[in-house]
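Here's the structure, in structure tokens; my notes come after.
Derivation of every value follows stated rules applied to the coordinates shown; laboratory data play no part. Predicted model only: the values in this text are computed from it and were never measured. Quick reminder, even Gly has a Cβ in these numbers, built from the backbone with ideal geometry, and neighbours come from all protein chains shown.
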Amino acid sequence: MGVWVRVVAGVVALVLLLGGCRKPVAEEPSGGRAGGGGEAARPDWGKWGLDALRPAPVPPEDKPLKLGGKGPVKVFSTVPTKDRVVFVTIDDGQEKDPRFVEMLRDLRVPVSMFLTDGNVRDDYGYFKPLQALGNHVQNHTLTHPVMPHLGPEGQRREICGAQKSLTREYGTAPKLFRPPFGMWGSATQEAARECGIQGIVLWTASMQIHDMQYDDPNKKLHNGDVLLAHFRGPKQLRGESMTKMFAEMLKRIRRQGFAVARLEDYISFR
Ligand SMILES: [Zn+2]
């Protein structure tokens, strides 16, 4: 996929989003705290030239985002929580940098992986150590098309096809779907539901090679924001490594005073 195609499609997606196809998520109070949990290993920030992020709070027992109810599959780009946390999602899967696995092992930053089957089928195994750290594999289609350009059957094939192979490879069925370029419509919601998806996840800020792009014109992160990054390496990042990109993102999150929490820990699924 050419960079320009992505950029142009991204702009189109943004225009569509601003045009009002984004569904607001109702504000709900976050509930009580569960005890225990958390990773046993202590993060090694210094090894990666980073200062420690705030530790994530214990996830709420009463999940602030409830999915899987009646009606169209919910579309969201932020989770209604008062916790000072953001959620990191990583898409596609072209780049399979072993150093990134090492980095997540060292830092214990939770991520959600939205994998495109066509990008990962040459090495499904790469993502398994990341999954073993507690990170969930989610659905990002078979071939990364612009979903609204496909008919209902085509959209179903893209989502259900990826659902099938990701479930086979990773032993658990994705519950969340990210539409390529953030572009979706009611047929996408319908197809997602038929394939067993309970939520469609967009984002409020995305990490580029060196910089973060924010929906907020004040360039601020907010509680419960979903951030987008990609499994991209030197080929896609003009020579930059994925670990450098990720480190730059963490610096921005830290500077704004946020912890990174696990998206799935803030959602109740059916
Ligand atoms: Zn993508």
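See the values below:
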read-out: ³J(HN,Hα) computed for each position of region 207-218 - Karplus, 6.51 cos²θ - 1.76 cosθ + 1.60, integer Hz, glycine/proline x; value: 8, 9, 4, 10, 10, 9, 9, 10, 5, 6, x, 7
read-out: Reachable aspartates and glutamates from residue 70, criterion Cα separation under 15 angstrom, eight or more residues apart if same chain; value: 190, 194
read-out: Reach of residue 251 by Cα under 29 Å, taken over lysines that are not fewer than 8 positions away in the same chain; value: 47, 63, 82, 96, 128, 219, 220, 235
read-out: Contour excess over end-to-end distance, with Cα ends at residue 153 and residue 133 and 0.36 nm allotted per residue; value: 3.7 nm
read-out: Region 127-154 and region 155-225: distance between their alpha carbon centers, rounded to Å; value: 7
read-out: 3J(HN,Hα) from dihedral phi, region 92-103, Karplus parametrisation 6.51/-1.76/1.60, rounded to Hz, x for glycine, proline; value: 6, x, 4, 7, 10, 8, x, 5, 5, 4, 4, 4
read-out: Stretchable slack from residue 190 to residue 42, in nm (0.36 nm times residue separation minus alpha-carbon distance); value: 49.0 nm
read-out: Virtual spin-label span in nm between residue 241 and residue 54, 7 Å along Cα→Cβ; value: 3.0
read-out: Prolate/oblate/rounded label for region 199-270 (Cα gyration tensor, a/c 1.5); value: prolate
read-out: Amide H partners (placed H, <5 Å) of residue 114, local residues excluded; value: 90, 91, 92, 138
read-out: Region 110-190, dipole about Cα centre (Lys/Arg Cβ +1, Asp/Glu Cβ -1), debye to the nearest 20; value: 160
read-out: Listed residues 204, 246, 180: farthest to the positive end of the dipole of region 177-254 (Cβ charges); value: 246
read-out: Rounded to whole Hz, the Karplus (6.51, -1.76, 1.60) HN-Hα couplings of region 140-156, x for glycine and proline; value: 9, 6, 7, 10, 6, x, 7, 4, x, 7, 9, x, x, 5, x, 5, 5
